Amino acid sequence: MSAPLDLLLRDCALPDGARADLGCREGRIVLLGAPAAGSSAGQPRAARVIDAGGRLVTAGLVDAHIHLDKALLSSRAPSLAGSLAEAIRATGAAKRGFTVDDIRARARAVLDLAVRSGTTAMRSHVEVDPIVGLMGLEALRPLREEYAPALELQLCAFAQEGILQAPGTEALLARALREGADLVGGCPYNDTDPRAHVDTIFRLAREFGVDADFHTDFFDEPDHLHVRYICEQTVRLGWEGRVAVGHLTELAALAPAEQDAVIVQLLAARVGVIVLPATDLYLMGRRDERNPRRGLAPVKRLLAAGVPVAAATNNVRNAFTPVGNADLGLMGVLIAVGAHMGSRAELGQALAMLTTEPARILRLEGHGLALGNRADLVVWEAAGLDEAVGGLAPRAYVIKSGQVTVERRATIAEPWREI
């Protein structure tokens with residue numbers, strides 16, 4: 001007789017429409033098959049059994065790009081003009097008033113929202129520069145351990161203020177990597193020499209053996225296209241599969257043939273693309289008086305070519321993005337609308353952009369609904385993709401490593417029906 005399961009989810013609806021029982025043991029999926037018929041005597045033994053009752057079960061949500069250290073700043077540094085330059089400037093000024101306790105409190109509030117919404121893994125950029133030093137890393141590093149039972153948190157030492165134009169930043173990035181940052185990130189469009197900026201990030205990535213994550217080409221017109229150099233260097237340095245780029249809105253402004261040429265480079269370098277729909281839709285197209293552009297990378301074209309593409313939160317209520325609640329489901333809605341992905345198959349792709357695609361980019365081994373994979377799961381209050389993704393359905397249960405971490409208990413009264 002096999003050992004009992006830690007958790008059994010009975011009668012789950014899977015994203016492909018199939019029905020299954022799903023069992024977890026020692027943090028892994030060990031049972032995934034047609035629902036058992038008959039009495040409970042024929043069911044596998046389990047420490048806990050949850051009847052999903054035909055509700056949708058998916059892999060846990062993965063937020064591949066968020067800024068915990070500058071979340072919830074709207075009251076201090078609001079968006080007025082709604083431009084990228086203003087957001088960088090206002091947030092830079094607000095950082096001068098940051099404290100470790102302040103950063104940690106705001107980050108904890110966002111992490112709580114994310115976990116309750118089904119996020120089981122996350123990559124947060126942590127600003128490292130002469131303004132804040134390593135304050136952000138000091139604030140977030142303990143949270144990585146505190147939230148480990150519910151969420152795997154990667155911390156990316158990030159040079160938002162530039163490197164060459166902010167002397168001392170390179171040394172701070174190296175120190176951050178020595179003191180626990182998981183990877184290194186750059187922002188070449190916000191520096192005096194973008195290529196030297198990229199070179200510095202790669203030099204640090206190779207020195208410390210970590211991945212690299214770039215904010216790049218975040219403009220309406222294709223005047224920068226630093227992604228080309230990033231891809232070239234990725235291949236030259238042998239860092240294929242270890243690099244991600246965020247935003248990449250300029251790609252959408254290229255003619256289709258030119259887009260395809262960049263896509264060939266992305267594929268060769270195995271660079272993942274992370275679109276940030278709430279921020280990109282908010283900040284792009286500001287000067288367009290007729291037919292304002294959407295400001296999103298060409299998601300469908302990238303996916304069709306086989307490029308890993310994730311959709312992520314980026315910012316929560318600050319000058320870059322004045323709205324949000326750290327629910328990745330909202331990014332699924334924005335992708336469905338903003339990238340014209342409304343068919344059933346496309347909603348499935350949108351869900352993958354919140355689950356398995358970001359897991360590929362973050363190199364999270366064994367993420368997804370398959371035997372032997374990690375039992376990081378979400379049970380939605382929905383019967384299928386149209387309700388879950390299209391209807392932004394609540395999450396009934398969130399499961400990390402085979403253990404229930406969040407259980408929704410909602411009571412709704414409607415006195416008007418009794419009148």
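When you look at residue 280, is it more than 23 Å from residue 364 (Cβ to Cβ), within 20 Å of the chain's Cα centre (by Cα) and in contact (Cβ under 8 Å) with a residue 24 or more places away in the chain, yes or no? Answer is yes for this residue.
Residue-by-condition table, conditions (1) more than 22 Å from residue 213 (Cβ to Cβ); (2) among the polar types (S, T, N, Q); (3) in a strand (DSSP E or B); (4) open to solvent by 70 Å² or more (accessible area, probe 1.4 Å):
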| position | (1), (2), (3), (4) |
| --- | --- |
| 264 | no, no, no, yes |
| 268 | no, no, no, no |
| 281 | no, no, no, no |
| 285 | yes, no, no, no |
| 290 | yes, no, no, yes |
| 294 | yes, no, no, yes |
| 307 | no, no, no, no |
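Residue 197 falls short on exactly one of the conditions (1) touching a Gly at 6+ places or on another chain (Cβ under 7 Å); (2) part of a loop (DSSP other than H, G, I, E, B), and that condition is (2). Taking the criterion of being open to solvent by 50 Å² or more (accessible area, probe 1.4 Å) and touching a residue at least 60 places away in the same chain (Cβ under 8 Å), the residues of the stretch 136-168 that qualify are 149, 152. Residue 77 satisfies every condition listed in (1) open to solvent by less than 40 Å² (accessible area, probe 1.4 Å); (2) modelled with pLDDT of 90 or more except (2). Taking each residue of the stretch 232-256 that is touching a residue at least 60 places away in the same chain (Cβ under 8 Å) and looking for partners that are part of a helix (DSSP H, G or I) with beta-carbon atoms closer than 6 Å, six or more apart or interchain, yields 244/361.
In the set 235, 227, only one residue is touching a strand residue (DSSP E or B) at 6+ places or on another chain (Cβ under 7 Å), modelled with pLDDT of 95 or more and not aromatic (Phe, Trp, Tyr); that residue is 227.
The residue that is surrounded by the fewest Cβ atoms within 10 Å (Cβ to Cβ), counting only those in the stretch 96-110 that are at pLDDT 95 or above, more than 20 Å from the chain's Cα centre (by Cα) and not hydrophobic (A, V, I, L, M, F, W, C), is 101.
With 348, 332, 342 as the choices, which residue is under 24 Å from residue 33 (Cα atoms) and either assigned to a loop (DSSP other than H, G, I, E, B) or touching a helix residue (DSSP H, G or I) at 6+ places or on another chain (Cβ under 9 Å) (or both)? Only one candidate qualifies: 348.
Selection over the stretch 370-419 of residues that are farther than 24 Å from residue 33 by Cα, assigned to a helix (DSSP H, G or I) and open to solvent by 70 Å² or more (accessible area, probe 1.4 Å) gives a count of 4.
Just give me the residues in the stretch 251-303 being touching a Pro at 6+ places or on another chain (Cβ under 7 Å) and either among the charged types (D, E, K, R) or at positive phi (or both), in sequence order. Correct list: 285 only.
If you go through the stretch 200-226 and keep only what is assigned to a helix (DSSP H, G or I), out of contact with any helix residue (DSSP H, G or I) (no Cβ under 6 Å at 6 or more places or on another chain) and in contact (Cβ under 8 Å) with a residue 12 or more places away in the chain, you end up with 201, 205, 206, 207. For first residues located in the stretch 52-65 and in contact (Cβ under 8 Å) with a residue 12 or more places away in the chain, partners that are among the acidic types (Asp, Glu) and lie 6+ apart or on another chain with Cβ distances below 8 Å form the pairs 52/11; 53/11; 54/11; 55/381; 56/387; 59/376; 60/376; 65/213.
For the stretch 311-320, check the following and say yes or no: at least one residue is modelled with pLDDT under 95, more than 13 Å from residue 249 (Cα to Cα), open to solvent by less than 10 Å² (accessible area, probe 1.4 Å) and of a type in the set (Val, Ile, Thr). Scanning the stretch 311-320, I find no residue that is modelled with pLDDT under 95, more than 13 Å from residue 249 (Cα to Cα), open to solvent by less than 10 Å² (accessible area, probe 1.4 Å) and of a type in the set (Val, Ile, Thr), so the answer is no. Taking the stretch 337-351 as the range and being within 16 Å of the chain's Cα centre (by Cα) and without any contact (Cβ under 8 Å) to a residue 60 or more places away in the chain as the test, the residues that pass are 349, 350. Among the candidates 132, 184, single out the residue that is buried (at least 20 other Cβ atoms within 10 Å of the Cβ), under 17 Å from the mean Cα position of the chain (by Cα) and not charged (D, E, K, R). Of 132, 184, the one residue that is buried (at least 20 other Cβ atoms within 10 Å of the Cβ), under 17 Å from the mean Cα position of the chain (by Cα) and not charged (D, E, K, R) is 184.
The values are calculated or read from the model by the stated rules, or taken from the named source; none is laboratory data. No experiment lies behind these values; they were computed from the predicted model shown. Cβ: placed from backbone, ideal geometry, glycine included. Neighbour counts: every protein chain shown. Calculation scope for accessible area: heavy atoms of the full protein, side chains included, ligands and nucleic acids excluded. Shrake-Rupley method; radii C 1.70, N 1.55, O 1.52, S 1.80 Å.
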